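What follows is a set of notes on a single structure, which appears directly below.
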Amino acid sequence: MSILYDERPFHTRVKDVMDNQFKVKAIQKAQDVFYTKRKALVEQVPAWEEFRTEAAALRDHTLRNLDYYLNMFAENAEKAGAHVFFANSDKEATDYALEVLRQKEAKMIVKSKSLLTEEISLNEELIKAGINVNETDLAEFILQTDDWNPPSHIVVPALHLERSKIREVFHDKLGYEGTENPEEMTRFVRKFIRKRFLTANVGFTGCNFGVAETGSITIVSNEGNGRMSSSIPRTQIAVMGMERLVPDLASLDVMMELLVRSSVGAKISNYFSLITGPAKPGEADGPEDLHIIIVNNGRTNVLGGEFNSMLRCIHCGACMNICPVYRHITGHAYGSIYPGPMGAVLTPLLVGYEKAGALPYASTLCGECWEHCPVKIPIHELLLKHRENIAEHTNVRPAIEKPIFKTAATMFANSFLYDMGTKAAAVGMKAVAKDDAMPEWMKVLPVAGGWIKSKDMGTMKLHKFRDVYAKYEKNKKKGTF
Amino acid sequence: MDEAKKRDFIGRISRALGREAIPDYVAPFDMSHGPQADMYDDLTQDQVVAMFKTECEKVGTHYIETTKDQLGQVLLDEIEKRGGGKVIYPNSDEVREYNLEELFAKEPADKATFIKWDASKGRDANINASQDAEIGITFPVMGIAETATVVQPSTEESGRSIGLLPITHIAVLHTDTIVPRMTQSMAALSEVYKEDPSSFPTNIVHISGPSNTADIELVRVVGVHGPINVTFILVD
Ligand code: SF4
């Protein structure tokens, strides 16, 4: 998959989603489950806010000194025996990976979950080269088996497929004869993939955090496929975004405090691997060769600029688990492997306004994403910056619409200056709307247009999501949903 | 590493940060005032161990408490409870310290057979033995109370596969190695690294329960790629 997997107009994508209510309900359920679990856990950490502040400062410190820490990381990783390759672009990254595969005469690879490998279209390039590619994360395996169905959520990417559909896919493609019971299907996949783990030549993994102090990479996983990919094949290739560094081992403590709680509402993932170099001579398993590909692919355009804070992101998914817009349009309406609020900021930075200029409008700017972000990225402010940039500097919108967008942007900006709270945004909107009716200019906002059609929201009321959520819960009990 | 490539890559980053070259020195980020620094400071070791057990109960990880004298028997009982079969164990000091091989040798073959990890036999032999085994035994070096986690390095004596490929993983943990948080375990690992980077374990996995997933309709299923059953044996 490349960054954009669906380049149809935003409206069309939203409409498609609206037509698939199973998908919408599945995402809503995921939001509710993750939201509730996360909330309960965070309430048990009295110092949560201090942790967020510390983590944000730590990320900023690392980004401010990224050249220094990357250099340190590369030196230490090499000392530990890893091969480090610096890839300026997606193509450089996949070319290098292919070259390693060629040298190893590799025919089959296993892969654990990594968004970055999607970003650089690794699978496509490998398949083109005739490599047998095996996604091993259960959800990714389901999506691959269903002819590379695109992901709808970064943490649970196959949520939009109901179990009967998964059974059907397994039956048709893999000859599965069992029931649609999730446990039975999971056991089937365990057996199916285990064979591939044992025979694959190369294991591909992502990297949650690189540790500069030791040159280590880390993998967070629950299923164990990250462990498998980094333990059984003779060669491991880890792909890491250049910004995903922490200075030292002590920093991992702070990042892990926040990452898993924010992501799925658990204290810790079942597995957290710290990998420092390939296996030593004499060890009987683990990779004999470890390659670490560090990827830029447009990130230096963001570094040090007005969107710098976006690079703090640790891909936890908390912002999409809380977003009222994502709740209604789901990951597929973004058309990007980076969906939700983080994706609405990041995607245009990586592919440009021409292709993804609609995404910054897929937000009510309520600010819940920022409040839930473990590294305090002011996502709503960055979305607003995008809107201002689009209005001022691009030809994405027809000229006549520019003043409209400018008004909208300023309106939001003023209300945020007045009060960073989300109610202020609602007030700002109301001032335009006067009576609850839809103002003309809002109809041209891609999201407002699409969102309004989702009937359960009625006319757009900019409650804080908490209120929306409470109302949703109440209505659910009444059986309205 | 392609040095020119690296210089080019990092040079772009320096320029984005508004400078020409990598700085010679960066003052380390001061973590001493973070909330993690003094959390659980007032707990006794007994309370820390109690926290580990409570956390196990909360997340449903099975644990057994025992003493050094009883460990061998407790291990055999747990192997039997988990259905016996082929058991793979490491070639490590603990095995000798507790005379486990003597005990294993006495166990009737219809209950359990034991295979020792032996790096000298090479990669395929060891991975296949682990793949064939129903149970793998390991000796993690630390425990983390807050999350009921064990910290498992791999070495020549104890490979990655032992606690990964069999359906059941039994981890034997000494209670005096349990620390409150990752704050302390990471500090300890950092010490080990600084002392001698070249002897730092190449793979250290933090294990907090059996492998699981919620990928199909958010239904929790235990046992995807890793062990389906996990037992922590806590040795006092
Ligand atoms: S922007 Fe923040 S909340 Fe969203 S995925 Fe990134 S770190 Fe998580």
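The values are calculated or read from the model by the stated rules, or taken from the named source; none is laboratory data. From a predicted model like this one, the values you see are computed outputs, not experimental measurements. Counting neighbours? That spans all protein chains shown, and the Cβs are built from the backbone with ideal geometry, glycine included. Just the protein is used for accessible areas: all its heavy atoms, side chains included, with ligands, DNA and RNA removed. Shrake-Rupley method; radii C 1.70, N 1.55, O 1.52, S 1.80 Å.
Brief remarks on what is shown
- Between A and B, buried accessible area from a 1.4 angstrom probe totals roughly 7900 Å², ignoring ligands, DNA and RNA.
- Sites B:Asp30 and A:Lys79 - FRET efficiency at Förster radius 22 Å, r taken between beta-carbons, to 0.05: 0.25
- Taking a straight line from the alpha carbon of A:Lys385, these aspartates and glutamates sit under 12 Å away, with near neighbours fewer than eight places off in the same chain left out: A:Glu306.
- Too-long pairs where the Cα-Cα distance tops 32 Å, listed order kept, from A:Lys37/A:Lys165; A:Lys29/A:Lys191; A:Lys15/A:Lys191; A:Lys37/A:Lys111; A:Lys39/B:Lys194: A:Lys15/A:Lys191; A:Lys39/B:Lys194
- At least 50 Å² accessible surface lost relative to isolated chain, residues of the stretch A:220-237 (1.4 Å probe): A:Glu223, A:Arg227, A:Ile232
- The relative contact order of the stretch A:217-294 comes to 51 percent, based on Cα pairs under 8 Å that sit 6 or more residues apart.
- Near the amide H of A:Ile292, within less than 5 Å, lie the amide hydrogens of A:His83, A:Val84, A:Phe85, A:Ala238, all on another chain or at least 5 residues away, with H placed in the peptide plane.
- The residues neighbouring A:Pro157, those whose beta-carbon lies less than 9 Å from its own, together hold a net charge of -2 under the Lys/Arg +1, Asp/Glu -1 convention.
- Label zone at A:Glu99, where the point sits 7 Å out along the Cα-to-Cβ direction: the stretch A:120-154 residues whose backbone N lies under 20 Å: A:120-131
- In degrees, nearest ten, helix B:3-16 long axis to first principal axis of chain B (Cα): 60 degrees
- Rounded to 0.05, the FRET efficiency of the A:Glu184 and B:Arg19 pair, given R0 = 41 Å and the Cβ-Cβ distance, is 0.10.
- Among the listed pairs B:Lys53/B:Lys81; A:Lys195/B:Lys86; A:Lys113/B:Lys116; A:Lys79/A:Lys267; A:Lys267/B:Lys116, a Cα-Cα separation exceeding 27 Å is found for A:Lys113/B:Lys116; A:Lys79/A:Lys267; A:Lys267/B:Lys116.
- Under 5 Å, built H, 5+ apart or other chain: amide partners of B:His62: B:Val230, B:Phe232
- Average accessible surface area per residue within the protein assembly as shown, 1.4 Å rolling probe, Å²: 38 Å²
- Cα→Cβ-extended label distance, 7 Å offset, between B:Lys111 and A:Trp148, nm: 5.5 nm
- Peptide B:222-233 has a mean shielding of 5, counted as Cβ atoms of other protein chains within 10 Å of each residue's Cβ.
- Which of A:Gln31, A:Val45, A:Thr12, positive extreme of dipole for the stretch A:3-59 (C-beta unit charges): A:Thr12
- With the highest mean first, a sort of the peptides B:42-48, A:325-331 on other beta-carbon atoms found within 10 angstrom per residue produces A:325-331, B:42-48.
- Between B:Met142, B:Met31, B:Met186, the GNM of chain B built on Cα springs shorter than 10 angstrom shows B:Met31 fluctuating the most.
- Environment charge of B:Glu156, counting only residues whose C-beta is closer than 9 Å and scoring Lys/Arg +1, Asp/Glu -1: -1
- By the rule of a C-alpha distance below 13 Å, with chain neighbours fewer than 8 residues away ignored, the aspartates and glutamates paired with B:Lys121 are A:Glu283, A:Asp285, B:Glu156, B:Glu157.
- Average partner coverage of A:262-269, which counts Cβ from other chains inside 10 Å: 4
- Karplus-derived 3J(HN,Hα), 6.51/-1.76/1.60, for each residue of the stretch A:173-187, Hz, glycine and proline x: 8, 10, x, 5, 10, x, 8, 8, 5, x, 5, 5, 5, 5, 4
- Nearest-ten-degree value, helix B:182-195 long axis tilted from longest Cα axis of chain B: 80 degrees
- Whole-Hz ³J(HN,Hα) from phi, Karplus 6.51 cos²θ - 1.76 cosθ + 1.60, for the stretch A:57-65, glycine and proline x: 5, 5, 5, 5, 4, 5, 5, 5, 10
- Acute angle (nearest 10 degrees) that the helix B:123-132 long axis makes with the longest principal axis of chain B, alpha-carbon atoms: 50 degrees
- Relative to the Cα centre, the charge distribution of chain B, modelled as +1 at Lys and Arg Cβ and -1 at Asp and Glu Cβ, gives a dipole magnitude of about 900 debye.
- By average C-beta atoms within 10 angstrom, highest first, the peptides A:230-237, B:121-128, A:183-190: A:230-237, A:183-190, B:121-128
- Relative contact order for the stretch A:48-301, counting Cα pairs under 8 Å that sit 6 or more residues apart, in percent: 28 percent
- Viscosity 0.692 mPa s, temperature 37 °C, Stokes-Einstein D of the stretch A:48-301 from Kirkwood C-alpha radius, µm²/s: 173 µm²/s
- Evaluating 6.51 cos²θ - 1.76 cosθ + 1.60 at θ = phi - 60° for every residue in the stretch A:190-205, the Karplus couplings come out as 3, 5, 4, 7, 3, 4, 6, 4, 6, 10, 5, 7, 9, x, 9, 9 Hz, glycine and proline recorded as x.
- For the stretch A:146-188, heavy-atom accessible area (probe 1.4 Å) falls by no less than 30 Å² from the chain alone to the full protein assembly at A:Val156, A:Leu159, A:Arg163, A:Pro182, A:Thr186, A:Arg187.
- Surface share of carbon and sulfur [accessible, 1.4 angstrom probe, percent] for the stretch A:48-301: 48 percent
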